[in-house]
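Any read-out appearing in this document is the output of simple, stated calculations on the displayed coordinates, not a laboratory observation. Note that the structure is a prediction, hence the values are computed from the model and not measured. In this analysis, Cβ positions are derived from the backbone assuming ideal geometry, glycine residues included, and neighbour counts consider all displayed protein chains.
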């Protein structure tokens, strides 16, 4: 149980440090508007998968991931210096598509709501004419 809490704390710490690095240290022009959304670590703390969300089209996403992957050595060294661990974890990046998926679901819900309102306005007009 204590190990799980430690992993969660380290995940959050890596997330914070990675966010700071994106804001101040990484100067690669390929890296666009990138947000760190989550970090998952293995139980032995040897590997960390950093989930990022990228604003922009497919080309911007691809370019940003290439920029992040080319800076992996720098990022790993910086995390190792900022977070004192016995072993600095191997880092990999993964695209977090949950925000896009959530936006898609939101649009579908708005569309359903709009269709429902259109049906109600047509239905209520029919009801009043049948009552008269």
Inter-label distance for residue 121 and residue 105, nm, one decimal - labels placed 7 Å from Cα along Cα-to-Cβ:
2.8
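Test of understanding: express the Cα radius of gyration of region 39-95 as a ratio to 2.2 N^0.38 Å, with N the residue count.
Working: Rg = 12.5 Å, N = 57, 2.2 N^0.38 = 10.2 Å.
It is 1.22.
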Using 0.36 nm per residue of separation minus the Cα-Cα distance, give me the extension gain between residue 4 and residue 85 in nm, one decimal.
27.6 nm
Rel. contact order, % - alpha carbon contacts under 8 angstrom, at least six apart, the chain
22
Which residue fluctuates the most in the chain, going by a Gaussian network model with Cα springs under 10 Å, if the choices are 114, 73, 102?
114
Spatial separation of Cα centroids for region 1-71 and region 90-113, in angstrom
18
Max mean-square fluctuation residue, GNM over the chain, Cα-Cα springs under 10 Å, options 23, 110, 45:
110
Tilt of helix 72-82 relative to the longest C-alpha principal axis of the chain, in degrees (0 to 90, nearest 10)?
70
Using only Cα atoms, find the angle between the long axis of helix 58-70 and the longest principal axis of the chain, and express it within 0 to 90 degrees, rounded to the nearest 10.
20
Kindly express, to the nearest 10 degrees and within the range 0 to 90, the angle between helix 2-24's C-alpha long axis and the longest C-alpha principal axis of the chain.
90
Calculate the all-directions average of the projected area of the chain's alpha-carbon convex hull, and give it in nm².
12.6
Separation between the residue 49 and residue 24 pseudo-spin-labels, each 7 Å from Cα along Cα→Cβ, expressed in nm?
3.0
